[in-house]
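Chemist: Below is the structure I would like to discuss, written out as structure tokens.
The values are calculated or read from the model by the stated rules, or taken from the named source; none is laboratory data. Please read all numbers here as calculations on a predicted model, not as lab measurements. Positions of Cβ are generated from backbone atoms using ideal geometry, with glycine treated the same way; all protein chains shown enter the neighbour counts.
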Amino acid sequence: MINDRRPILVFGATGRQGGSVAKALLKARWPVRVLVLDPSDLASVALRDAGAELVHGSFADTDVIASAMRDVHGVFSVLPANLSAEEEVHYGTSIADLAAQSRIEHFIYSSGASVGDRLTGVPRFDAKPRIEAHIRALSITATIVRPMIFMEMLVRPGFGLDEGRLISLIRPDHSIQLTAVEDIGKIVAAMFADKPLFAGVTLKIASDRVTGHELEAAFTEVAGRTITYSRFPDEVLAANIDLAHMASSLEDGPLAEHVDLTAMRKLNPELLSLRSWLAGSGREALNRALSKVSE
Ligand SMILES: NC(=O)c1ccc[n+]([C@@H]2O[C@H](COP(=O)([O-])OP(=O)(O)OC[C@H]3O[C@@H](n4cnc5c(N)ncnc54)[C@H](OP(=O)(O)O)[C@@H]3O)[C@@H](O)[C@H]2O)c1
């Protein structure tokens, strides 16, 4: 039965979200095709060894993408964070246009949970809503997911762990919803498995909701030493427009809206809490970050 399935083309499969989606689709026994920049890269080789079909190309190679979309069931589209706003809109809309021309069955675009109802006037904050609007105007069955901030962000440089503490965007007694990247793939795979239910749907996704105090307690427990939690100081936020945008969105903007975690668990019964993420892939990432603490 499953061998009758046509492939799903996954963009960004050597990265976080695309990698999670490719893994979950392969596990659900979909044939998976991935567009990779470098087929000899370790992540590409691992995808090939896991059963994915590699297509060599970049977002700019429209002929390669059009041909990779031939005979596919679905497409998962995600763009990296390091593009300019113009590039993001250009590639995001052109991938969607190519998918519409290819008459695929189901297109899933990963946007971001900070997207609100109104444009902000700042080009890089408005790239995703512009891509979303473009997709909605196309004649294509599409689903848009808007992931909340990744748990993986907490252990990246700049969030304090290299100094043995944790700094983030909320006040200690406020809460934040976070997404484990692993859950994105499982949720997207559930969506590809039920096109009628998710046709035309835009859905914020998250894995858990935690306060700053809970972050401190969980990180301290797993690290086996005190990891104090604090919010970025106001002067740091004032100097960084991206962090400031997210912090204010967490106070009273789109990032403050509550994702229904019960609904998430129905979509993905293996949904990770912060603590279960820290017991799994997060633990290794946390240990790596803490190993950089200067003695
Ligand atoms: N960080 C968060 O908390 C968060 C939350 C919600 C949404 N987002 C959004 O998530 C998106 C990033 O997703 P991610 O974290 O999964 O990205 P990522 O891990 O950086 O992966 C990017 C992928 O795109 C590929 N790529 C880069 N340039 C390419 C090109 N020119 N042509 C073809 N492929 C190319 C990369 O290939 P290589 O591996 O070969 O470089 C990689 O596979 C951003 O739009 C961001 O705003 C982030």
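Chemist: Quick one: in region 224-274, of everything that is among the hydroxyl-bearing types (S, T, Y) and surrounded by 13 or more Cβ atoms within 10 Å (Cβ to Cβ), which residue is farthest from R118 (Cα to Cα)? Break it down stepwise before answering.
Modeler: Residues of region 224-274 that are among the hydroxyl-bearing types (S, T, Y), as a first pass: 226, 228-230, 248-249, 262, 273.
Filter once more, keeping what is surrounded by 13 or more Cβ atoms within 10 Å (Cβ to Cβ): 228-230, 248-249, 273.
Numbers: T228: 36, Y229: 32, S230: 30, S248: 15, S249: 13, S273: 31 Å.
Looking at the filtered set, the residue picked out is T228.
Chemist: Can you tell me which residues in region 194-223 are among the polar types (S, T, N, Q) and surrounded by fewer than 18 Cβ atoms within 10 Å (Cβ to Cβ)? Talk me through it step by step, then tell me what you get.
Modeler: Keep residues of region 194-223 that are among the polar types (S, T, N, Q), which gives 202, 207, 211, 220.
Of everything in region 194-223, those that are among the polar types (S, T, N, Q) and surrounded by fewer than 18 Cβ atoms within 10 Å (Cβ to Cβ) turn out to be T202, T211, T220.
Chemist: While we're looking at this one, here's another question. Out of all the residues in region 191-204, which are touching a residue at least 12 places away in the same chain (Cβ under 8 Å) and part of a helix (DSSP H, G or I)?
Modeler: Narrowing region 191-204 to residues touching a residue at least 12 places away in the same chain (Cβ under 8 Å): 191-193, 195, 198-204.
Once the filter is applied, which keeps residues that are touching a residue at least 12 places away in the same chain (Cβ under 8 Å) and part of a helix (DSSP H, G or I), region 191-204 yields M191, F192, K195, F198.
Chemist: Please specify each residue of region 155-176 satisfying the condition of being more than 23 Å from A113 (Cβ to Cβ) and either assigned to a strand (DSSP E or B) or of a type in the set (G, A, S) (or both).
Modeler: G164
Chemist: State whether one or more residues within region 149-160 are charged (D, E, K, R), buried (at least 18 other Cβ atoms within 10 Å of the Cβ) and on the phi < 0 side of the Ramachandran plot.
Modeler: Looking through region 149-160, none of the residues is charged (D, E, K, R), buried (at least 18 other Cβ atoms within 10 Å of the Cβ) and on the phi < 0 side of the Ramachandran plot.
Chemist: Take region 143-169 and flag every residue that is within 24 Å of R288 (Cβ to Cβ) and aliphatic (A, V, I, L, M).
Modeler: Once the filter is applied, which keeps residues that are within 24 Å of R288 (Cβ to Cβ) and aliphatic (A, V, I, L, M), region 143-169 yields M148, I149, M151, M153, L154, V155, L161, L166, I167, L169.
Yes/no per residue for (1) under 19 Å from I144 (Cβ atoms); (2) not aromatic (F, W, Y):
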site	(1), (2)
I8	yes, yes
W30	no, no
R33	no, yes
L54	no, yes
L83	yes, yes
E87	no, yes
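Chemist: With the condition kept exactly as written, say whether any residue in region 205-221 is in contact with a helix residue (DSSP H, G or I) (Cβ under 7 Å, 6 or more places away or on another chain), closer than 27 Å to H134 by Cα and part of a strand (DSSP E or B).
Modeler: Within region 205-221, one or more residues are in contact with a helix residue (DSSP H, G or I) (Cβ under 7 Å, 6 or more places away or on another chain), closer than 27 Å to H134 by Cα and part of a strand (DSSP E or B).
Chemist: Identify all residues within region 75-121 that are closer than 21 Å to R33 by Cα and aliphatic (A, V, I, L, M); write none if there are none.
Modeler: V75, V78, L79, I95, A96, L98, A99, A100, I104, I108
Chemist: What is the residue count in region 104-123 for residues that are more than 11 Å from the ligand (Cβ to nearest atom), on the phi < 0 side of the Ramachandran plot and modelled with pLDDT under 95?
Modeler: Taking region 104-123 first, the residues more than 11 Å from the ligand (Cβ to nearest atom) are 104-108, 116-123.
Within this subset, residues satisfying the condition of being on the phi < 0 side of the Ramachandran plot are 104-108, 116-120, 122-123.
Still in the list and also modelled with pLDDT under 95: 116-120, 122-123.
Summing the residues that are more than 11 Å from the ligand (Cβ to nearest atom), on the phi < 0 side of the Ramachandran plot and modelled with pLDDT under 95 in region 104-123 gives 7.
Chemist: Please specify each residue of region 87-103 satisfying the condition of being more than 29 Å from Q177 (Cα to Cα), at pLDDT 95 or above and surrounded by fewer than 22 Cβ atoms within 10 Å (Cβ to Cβ). Reasoning before the result, please.
Modeler: First, the residues of region 87-103 that are more than 29 Å from Q177 (Cα to Cα): 90, 94-95, 97-103.
Filter again for at pLDDT 95 or above, leaving 90, 94-95, 97-102.
Selection gives H90, S94, D97, L98, A100, Q101, S102.
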